[in-house]
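Worksheet: one structure, shown below.
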Amino acid sequence: MTKISIDTIEENWKKYEKILGRLSDENITKMIDALGERLAICPVGRSKSEVGSYPGGLVEHSLKVASTMRKLNESLDFDLPMQSILKVSLLHDIGRIGDETSDLLVEQDSDWHREKLGQNYKFNENLPKMSVSHRTLYLLQKFGIQLTREEWVSIQISGGSHFEENRFYVGSEPSLAILLQKSKSLVFHLSSAG
């Protein structure tokens, strides 16, 4: 299992909190405080073949997406609001944590799944079934976090247009959504190549 040090997890968490603090949204602060350590150590994926399948993977991934979005926004002259870029890049996958009290991914307890399939985690079968984007939007509304239409659509379709639920938006995606999708793709590509 790829790992990052506890020091790196703590450093990433401080950076994540600091950047979100720039949004001056007390509801985001309340959510971050409520999810706390669970969010700081949340992985992105289940198996070794997936980027971020280790404690701290989600925050690390979100920070990389934020950095990539900022760079692309500048280089492509999209001139999108930095508040929106930071909000969607840092919160678009927060549904990977699970819900208010239970984790979506729990440690894999099967040696066979760990050894043969490389699965570090498994899905928590006690959580109601939801897509990551729907779970993210649920958590954001649960904590009263306001989104613009473009931010909402960007988070909803962040997983890509190959999902049936997102095909409706093909051809009419807001620039923010395109920037988020491309940034996620680049981060995944660069992380898996390196």
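The values are calculated or read from the model by the stated rules, or taken from the named source; none is laboratory data. Just so we're clear, the structure is a prediction, and the values are computed from it rather than from any experiment. Please note: Cβ atoms are built from the backbone with ideal geometry, for glycine as well, and neighbour counts cover all protein chains shown.
So that you can scan it fast, the table gives a plain yes or no per residue for (1) without any contact (Cβ under 8 Å) to a residue 40 or more places away in the chain; (2) not in a helix (DSSP H, G or I); (3) not small (Gly, Ala, Ser):
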{"residue": "His61", "(1), (2), (3)": "no, no, yes"}
{"residue": "Val65", "(1), (2), (3)": "no, no, yes"}
{"residue": "Leu80", "(1), (2), (3)": "no, yes, yes"}
{"residue": "Ile85", "(1), (2), (3)": "no, no, yes"}
{"residue": "Ser89", "(1), (2), (3)": "no, no, no"}
{"residue": "Glu100", "(1), (2), (3)": "no, yes, yes"}
{"residue": "Asn126", "(1), (2), (3)": "yes, yes, yes"}
{"residue": "Lys129", "(1), (2), (3)": "yes, yes, yes"}
{"residue": "Tyr138", "(1), (2), (3)": "no, no, yes"}
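Give the number of residues within segment 122-156 that are farther than 24 Å from Leu105 by Cα and surrounded by fewer than 14 Cβ atoms within 10 Å (Cβ to Cβ).
Within segment 122-156, residues that are farther than 24 Å from Leu105 by Cα and surrounded by fewer than 14 Cβ atoms within 10 Å (Cβ to Cβ) number 3.
Please state which one of Glu50, Glu60 is of a type in the set (D, E, K, R), modelled with pLDDT under 95 and surrounded by 14 or more Cβ atoms within 10 Å (Cβ to Cβ).
Result: Glu50 is the single residue among Glu50, Glu60 that is of a type in the set (D, E, K, R), modelled with pLDDT under 95 and surrounded by 14 or more Cβ atoms within 10 Å (Cβ to Cβ).
The rows are residues; the columns are (1) assigned to a strand (DSSP E or B); (2) in contact (Cβ under 8 Å) with a residue 24 or more places away in the chain; (3) of a type in the set (A, V, I, L, M, F, W, C).
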| site | (1), (2), (3) |
| --- | --- |
| Leu72 | no, yes, yes |
| His113 | no, no, no |
| Lys122 | yes, yes, no |
| Arg135 | no, yes, no |
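Taking segment 12-45, which residues are at negative phi, exposed (fewer than 14 other Cβ atoms within 10 Å of the Cβ) and assigned to a helix (DSSP H, G or I)?
Answer for segment 12-45, where residues must be at negative phi, exposed (fewer than 14 other Cβ atoms within 10 Å of the Cβ) and assigned to a helix (DSSP H, G or I): Lys14, Lys18, Gly21, Glu26, Lys30, Asp33, Glu37.
Give the number of residues within segment 64-98 that are over 14 Å from the mean Cα position of the chain (by Cα) and either of a type in the set (A, V, I, L, M) or surrounded by fewer than 19 Cβ atoms within 10 Å (Cβ to Cβ) (or both).
Residues that pass the stated criteria total 13.
Condition check: within 22 Å of Thr148 (Cβ to Cβ), at pLDDT 95 or above and in contact with a Gly (Cβ under 9 Å, 6 or more places away or on another chain). Does Ile28 satisfy that?
In short, yes.
Would you be able to tell me the number of residues in segment 173-188 that are touching a residue at least 24 places away in the same chain (Cβ under 8 Å) and either part of a loop (DSSP other than H, G, I, E, B) or over 16 Å from Leu91 (Cβ atoms) (or both)?
Here the count works out to 5.
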